[in-house]
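Participant: Next up is a structure, given as structure tokens.
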Amino acid sequence: MKKASLTRGRPRSFDREAALAQMTELFWRQGYDATSVADLTESIGVNTPSLYAAFGNKEKAYCEAVDYYRHNEGQRVWENVEAQTSARDAVATMLQTSAEEFTRSNKPRGCMVVLGALSMADSNAAIVKRMKGYRAEARAKLVAKIQSGIENGELPDTADAESIAGFYDSVQLGMAVRARDGASRQELKQTAELALRSWEMVTSHQG
């Protein structure tokens, strides 16, 4: 990973956006707890006072990095989902695009929002809560697509949008973990395909 071109000891005299992108990849790859302040300063080439002057503290830097990830790295999945007009296509797109995004060769594997806080210490409760909120937002988008499918007659009116979304959301979360463990893109696409074969059974379940 190429380091941002910065000068140590000169707060705010560097490309802040490049530094944020650098820290995002570091947090994404290592997680919050495993990334030290020393790791961050080494990554972006400044000293600790300069890091704090630019980003506040480690927690604030992490939260800003997650927002950067959501808007610059993780948005493709949900942009593609939003473009679909049927509930099934929305779910299929979410899973297939996730398989691609979680296994890019030039980026850390998996999803920062899914993996970032799973192993955090209890002392980081505020960050854990924030990350849970982001995951809930994503699940709500899926619920909305499925509910739309119920309302327009694509799915039976007895279908439970929350349960269906919960099932496929769980598949996606598992894919993120498997990607981090080294699963190939093809393996994740196979997982997505198997999950989609259950569509009729899952959507016919009464809530």
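Participant: What is the Cα centroid distance between the range 135-206 and the range 15-80, reported in whole angstrom?
Facilitator: Cα centroid to Cα centroid, the span is 30 Å.
Participant: Right, next: For the chain, what is the calculated [θ] at 222 nm in deg cm²/dmol (nearest 500), taking -39500 (n - 2.57) for each run of four or more DSSP H residues and dividing by its residue count? Working shown, then result.
Facilitator: On the way: 11 runs with 139 residues, N = 207.
Roughly -21000 deg cm²/dmol at 222 nm, from the helical runs in the chain.
Participant: Relative to the compact globular guide of 2.2 N^0.38 Å, what is the alpha carbon radius of gyration of the range 153-207, as a ratio? Kindly include the intermediate steps, with their values, before the conclusion.
Facilitator: Values: Rg = 13.0 Å, N = 55, 2.2 N^0.38 = 10.1 Å.
Rg over 2.2 N^0.38 Å, computed on Cα atoms: 1.29.
Participant: On each of the three principal axes of the Cα atoms of the range 16-62, give max minus min coordinate, whole Å, ordered largest first.
Facilitator: The principal-axis extents, from largest down, are 23, 19, 17 Å.
Participant: I've got another one for you. State to the nearest 20 debye the size of the charge dipole of the range 59-205 about its Cα centre, where the only charges are +1 on K and R beta carbons and -1 on D and E beta carbons. Let's see the in-between values first.
Facilitator: On the way: 19 positive and 21 negative charges, 115 e Å.
With only Lys, Arg, Asp and Glu charged at Cβ, the dipole is about 560 debye.
Participant: Taking only pairs that are 8 or more places apart or on different chains, how many Lys pairs in the chain have Cα atoms under 15 angstrom apart?
Facilitator: Taking the Cα cut-off of 15 Å, the pair count is 4.
Participant: Still on this model: How much space per residue, in cubic angstrom, does the convex hull of the C-alpha atoms of the chain take up?
Facilitator: 115 Å³
Values in this text are rule-based calculations from the coordinates and carry no lab data. Keep in mind that what you see is a predicted model, and the values were worked out from it rather than measured. Methodologically, a virtual Cβ is constructed for each residue, glycine included, from the backbone with ideal geometry; neighbour enumeration extends over all protein chains shown.
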